[in-house]
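To start, the structure itself, in structure tokens.
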Amino acid sequence: MTDSHLLDEHGQPRFFGFNNKRNKEKALKALQGILSGVSADRVLNSTEVLFLDTWLRTDSPIKNDGDFLDLRDLIEDILEDGVIEPDELEDLHNLINDVLTYGFKDGLQTDGMINQLLGFLQGLTADDTLNDKEILALKRLIESNDDVISSWPGDVIHERLIQVLEDGIIDDQEKQELLVMFKSICGQQFTDSGCAECFATDYFSDDIELESVNGLRVCFTGKFFSGNRKHIESQAKTNGVLVCSGVNRDLDILVIGSMASRDWIHTSHGRKIESVINNRRTGFKTHIVTEKAWLSLIC
């Protein structure tokens, strides 16, 4: 049986026994981050509740976890009559605090912390707004772990936060810029699509114009809306592209597919993006482009 038979459309195991413990740990870290994000300003609103409800309804390796079930049951009760009352928001906020305080006791490895960071960004941006308390809470989260500050994408986010906070004021334009950045990094599109699953990151992509892609070295990563990998690569070869299977310093373009698995940052997809970013820091010029931008280059 091939690996493709073991994985679902999200790149996750079809069978709960397949690497179940590691996937549960990842999902719990994502949930921890999301809960911290939606409650970062100590206020919940209806959009954040709907986002949580949608996220909790997606298939997950923690769907039988006690805290997971408690949250889902309470949200179902809150939404049952179609009206979200202030006291119901307070009850949910209290439950979230209890889960965060007592439900996550294991140590944080770097990968787990990055998963939590991405979950935090999802929760933070679920209602499509940012405030000072949320931004400062994100800064505290990143600075609580030295490995996250020095690891992608925590290092990029932290650098931008330091710039914004340099004058001690976060104006509306900076909040909007941070919102766009955070949504792009974590793939948040809930208010646009109603989907709580992440999409592929496009924050690190470049806007480039080329007369021709003939002779360029190009690597494709992720899952594509416009066809499977074989089709995409075949199309590129007809345009004279030299298709590469991995990232090296001579690579001209890394094309990222529009779809992502829940754990994309820990897959070859995420690692390839990280490799290109690290190569850029040492002077190499590989471009990262989205699937949409790539199609416009070859059409």
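The values are calculated or read from the model by the stated rules, or taken from the named source; none is laboratory data. The shown structure was predicted, so the numbers you read here are calculated from the model rather than taken from an experiment. Don't worry about glycine lacking a Cβ; one is built from the backbone with ideal geometry, like all the others, and counts go over all protein chains shown.
Odds and ends about this structure:
- Qualifying residues in segment 160-175 (those that are free of Cβ contacts under 8 Å to residues at least 24 places away in the same chain and part of a helix (DSSP H, G or I)) - the one nearest to Gln116 (Cα to Cα): Arg160
- Residue count for segment 31-54 satisfying the condition of being buried (at least 19 other Cβ atoms within 10 Å of the Cβ) and assigned to a helix (DSSP H, G or I): 13.
- Residue in segment 78-86 that is surrounded by 13 or more Cβ atoms within 10 Å (Cβ to Cβ), modelled with pLDDT of 75 or more and in contact with a Ser or Thr (Cβ under 8 Å, 6 or more places away or on another chain) present: yes
- Boolean, Ser258 is surrounded by fewer than 21 Cβ atoms within 10 Å (Cβ to Cβ), on the phi < 0 side of the Ramachandran plot and either modelled with pLDDT under 75 or among the acidic types (Asp, Glu) (or both): yes
- Helices (runs of 4 or more DSSP H) contained entirely in segment 96-159, each with at least 2 residues that are modelled with pLDDT of 90 or more and more than 24 Å from Leu74 (Cβ to Cβ): 132-143
- Of all residues making up segment 204-217, the number that are free of Cβ contacts under 8 Å to residues at least 40 places away in the same chain and either surrounded by 17 or more Cβ atoms within 10 Å (Cβ to Cβ) or at positive phi (or both): 2
- In a residue-by-residue description of segment 276-296, the property of being surrounded by 12 or more Cβ atoms within 10 Å (Cβ to Cβ) and modelled with pLDDT under 80 applies to at least one position.
- Top-ranked residue in segment 201-219 [being of a type outside the set (A, V, I, L, M) and part of a strand (DSSP E or B); ranked as nearest to Glu274 (Cα to Cα)]: Cys219
- Selection status of Asp67, over 21 Å from the mean Cα position of the chain (by Cα) and either in a loop (DSSP other than H, G, I, E, B) or at pLDDT below 75 (or both): yes
- Considering residues of segment 220-242 that are part of a strand (DSSP E or B) and at pLDDT below 90 only, the residue surrounded by the fewest Cβ atoms within 10 Å (Cβ to Cβ): Lys223
- Some residue of segment 163-174 being surrounded by fewer than 22 Cβ atoms within 10 Å (Cβ to Cβ) and under 22 Å from Asn278 (Cα atoms): yes
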